[in-house]
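As structure tokens, the structure follows; a few thoughts come after it.
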Amino acid sequence: MKSLSPLFVLHTPKIPLPNSATNFHSFPLIHAAVQNPKRPKPSVKQRPLKPTKTLSLAPITVPPSSTPPKKVLVPMGFGTEEMEAVITVDVMRRAGAAVTLASVEEKLEVETSGGTMLVADAFISACSDDIFDLVALPGGMPGAARLRDCKTLQNIMSKHAEEKRLYGAICAAPAVTLLPWGLLRRKQTTCHPAFMDKLPTFWAVKSNIQVSGELTTSRGAGTSFEFALSLVEQLFGESVAKEIGESLLINVADNDSRREEFNEVPWSLDHTPQVLIPVANGLEEIEVVTIVDILRRAKANVIIASVEKSLQILASSATKIVADKMISAAAESIYDLIILPGGISGAERLQKSKVLKKLLKEQETARRILGAICSSSTILQKQGLLKDKRVAAHPTTVSKLDNVVDGARIVIDGKLITCKGFATATDFALAIVGKLFGHARARSVAEGLVFEYPRG
């Protein structure tokens, strides 16, 4: 078994496993994080002149090289888990890899397990003759089964493994896809707990990340960052993985308190929560997909609305997302919660939407809930919607905001919720689930993700 550096190593407690895969989305397990010592209560910063540390929102710039970029294949099919696919693609592209998101379906447009529509870069058939440095399989059901049943992908993977090239699988994919192909032989393997009983007992390992020769496996959507960074480290080295981890606020998240809440008010509703996520070109796909996926798992009704001239938007790391509606059509309804995703260029495009500007003003006037992640708090600031409100924001935007709470990933102030972005998006979405549905629902969703939900 190959050992990796302990950059992003987390420890998982021993837990019971289910007898079948029938409770894939609801089976309880805890994704344990590093236990942090107690820290002083965060303080509020009043418009600092400079952020204490500058972190770029742009992808990592890899120094020019005479060697061609590493080629990575990420296949997807109907029912693929969107967080696992998008986070893997995004992180690998930040490392400088040439990533192909390939459809095993008859169309490039693919509906994922949570209902988000993604557009592939190519059909899997177009990848048959290519040689990849890495093939990474996302999970989700029935996505993993759709990958398994694709003969073209099976041929690519079999040849790839025979040539001792790196390959990885997460969630259901190790048990559902790789095992029937015979690509787990003599490999220590992990997967989503709902599928652990499908793995050969002697080789099954309960860990978030397992590297065995050329194979890397992981547990679920909640371990996607660890999975992707492990693959980056193997392809590009420890220093690149560390730099990307820091830019995604993974280390920052470990050092901060989970959340701070001020002026606490109940958010519970007597109906299914109606949530609007406006999107634009240049937004951070990690944040969009994570928030939508988690809120839909919790049974909120989530609408993705485009402020562009088409339903399809191109996110910051070149992932193509298809919105459910245009913003003009979405504006005909009333929403309990409007959440603004981050990304500097995307936030600027959201800011230009007159329809969205009106919706946000009406939301605040009606005392309904507003959310902003990463750099999008600046939109609310410019519209005067943050008066006397405490916020969290990406470190690069702290100097543009008033009343930033230092040392908190998420800040809730009345009916406003904000967070730093990127790797904190999961905590952000689960905090919303907790406020809307209660901690029991949030904990259940977190367990299905394989993510630790805070105690208490």
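The values are calculated or read from the model by the stated rules, or taken from the named source; none is laboratory data. Owing to the predicted nature of the structure, the values given are computational and were not obtained by experimental measurement. We place every Cβ from the backbone using ideal geometry, glycine too, and count neighbours over all the protein chains shown. Accessible surface areas use protein heavy atoms only, side chains included; no ligands, DNA or RNA. Shrake-Rupley method; radii C 1.70, N 1.55, O 1.52, S 1.80 Å.
Tabulated values for the structure
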read-out: Residue in region 95-109 that is under 25 Å from LEU184 (Cα atoms), hydrophobic (A, V, I, L, M, F, W, C) and touching an Asp or Glu at 6+ places or on another chain (Cβ under 6 Å) present; value: yes
read-out: Selection from region 105-123 of residues that are more than 19 Å from the chain's Cα centre (by Cα) and assigned to a strand (DSSP E or B); value: GLU109, ALA122, PHE123
read-out: Strands (runs of 3 or more DSSP E) contained in region 282-379 and holding at least 3 residues open to solvent by less than 10 Å² (accessible area, probe 1.4 Å) and over 25 Å from ALA102 (Cβ atoms); value: 337-340, 369-373
read-out: Odd one out for LEU118 among (1) among the hydrophobic types (A, V, I, L, M, F, W, C); (2) within 29 Å of LEU311 (Cβ to Cβ); (3) open to solvent by 30 Å² or more (accessible area, probe 1.4 Å); value: (3)
read-out: Test: residue in region 230-239 that is buried (at least 19 other Cβ atoms within 10 Å of the Cβ) and in contact with a Phe, Trp or Tyr (Cβ under 7 Å, 6 or more places away or on another chain); value: no
read-out: Considering residues of region 240-250 that are touching a Ser or Thr at 6+ places or on another chain (Cβ under 9 Å) and of a type outside the set (A, V, I, L, M) only, the residue most open to solvent (accessible area, probe 1.4 Å); value: LYS242
read-out: Residue count, region 198-244 (criterion: outside any helix (DSSP H, G or I) and aliphatic (A, V, I, L, M)); value: 6
read-out: Of residues in region 70-101 being of a type in the set (Gly, Ala, Ser) and under 27 Å from ARG296 (Cα atoms), the one surrounded by the most Cβ atoms within 10 Å (Cβ to Cβ); value: ALA85
read-out: Residue in region 428-438 that is outside any helix (DSSP H, G or I), on the phi > 0 side of the Ramachandran plot and surrounded by fewer than 20 Cβ atoms within 10 Å (Cβ to Cβ) present; value: yes
read-out: Residues of region 121-165 satisfying the condition of being hydroxyl-bearing (Ser, Thr, Tyr), within 22 Å of LYS107 (Cβ to Cβ) and loosely packed, with under 15 Cβ neighbours inside 10 Å; value: SER125, SER128
read-out: Count - residues of region 386-425 that are open to solvent by 10 Å² or more (accessible area, probe 1.4 Å) and at negative phi; value: 15
read-out: Subset tally (residues that are over 17 Å from CYS419 (Cα atoms) and at pLDDT below 95) for region 246-300; value: 1
read-out: Subset of region 212-229 [of a type in the set (A, V, I, L, M, F, W, C) and open to solvent by 10 Å² or more (accessible area, probe 1.4 Å)]; value: PHE225
